[in-house]
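The structure appears below as structure tokens.
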Amino acid sequence: MLSKLELRIPPPLVMLLFMATVFVFDYIAPFNLFYLPWLSYVLVISLIVLGGVIALWGVKKFREAKTTVNPLKPESSSSLVNSGIYQYTRNPMYLGLLLTLLSSVAYTQHPLGLVSALGFVLYINRFQIEPEEKMLGTLFGDEFVEYTNRVKRWF
């Protein structure tokens, strides 16, 4: 039986909600002890670019395989993608979202922002990735099991 949250909230929206908590932490309890503006801009831009490249590479591989990119409908998957970026991470789109979320942590340089990033990973693991993996295991059987043994969930 699916939990009420499993495969219900689009992962980009989940990321934006957790990103909002980063800024709420910064607003409620500013932390300026070690703030380094130059570091902030370099990291923010780097994380956004890296996250975007990784996520879009994942989307591109799904499109090439002509399978769904809809994270709320994993049962619509028509093929198991395990080439390109998928040789290194099983979830490049979620990794890209995490890196984008981390850009807000870099921007605020607030240590509690890391709690938001951890919350995002825990939420996505439990309510998005685990249900997806159950479905993919059903659809692709031993091929998927072998893939999960070879490639890590995040990186």
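Could you state the angle between the C-alpha long axis of helix 113-124 and the longest principal axis of the C-alpha atoms of the chain, as a value from 0 to 90 degrees rounded to the nearest 10?
That works out to roughly 10 degrees.
Rg over Rh of the chain, using C-alpha atoms and the Kirkwood radius, what does it come to? List each step's numbers first, then the result.
Values: Rg = 16.8 Å, Rh = 16.5 Å.
Here the Rg-to-Rh quotient is 1.02.
Could I get the Rg over Rh figure for the stretch 80-120? Both from C-alpha atoms, Rh via Kirkwood, rounded to two places. Intermediate values should be presented prior to the final figure.
On the way: Rg = 12.8 Å, Rh = 11.3 Å.
Result: Rg/Rh = 1.14.
Straight-line reach from LYS134: which aspartates and glutamates have Cα under 19 Å away, leaving out those fewer than 8 places along the same chain?
Qualifying aspartates and glutamates at Cα under 19 Å: GLU6, GLU75, ASP142, GLU143, GLU146.
Once you put a point 7 Å from the Cα of PHE23 and another 7 Å from the Cα of VAL49, both along the Cβ direction, what distance in nm separates them?
With each label point 7 Å from Cα toward Cβ, the separation is 2.4 nm.
Run through the stretch 27-123 and list the chymotrypsin sites (Phe, Trp or Tyr not before Pro) located in a DSSP loop whose Cβ has at most 15 other Cβ atoms within 10 Å.
Those satisfying the criteria are PHE31, PHE34, TYR35, TYR88.
Compute the helix-to-body angle for 11-28: its Cα long axis versus the longest principal axis of the chain, expressed 0 to 90° and rounded to tens.
The angle comes out near 20 degrees.
Please identify every one of the trypsin sites (Lys or Arg not before Pro) in the stretch 36-68 that sits in a loop by DSSP and has no more than 10 other beta carbons within 10 Å of its own beta carbon.
LYS66
Can you run the Rg to Rh ratio on the stretch 1-49? Use alpha carbon positions and the Kirkwood inverse-distance Rh.
Ratio of gyration radius to Kirkwood radius: 1.15.
Between PHE155 and LEU114, what is the label-point separation in nm under the 7 Å Cα-to-beta-carbon projection?
That separation, rounded to one decimal, is 1.5 nm.
Bear in mind that the values in this text are calculations on the coordinates, not laboratory data. Bear in mind the structure is a predicted one, so any value in this text is a computation, not a measurement. FYI the Cβ positions are ideal-geometry reconstructions off the backbone, even for glycines, and counts take in every protein chain you see.
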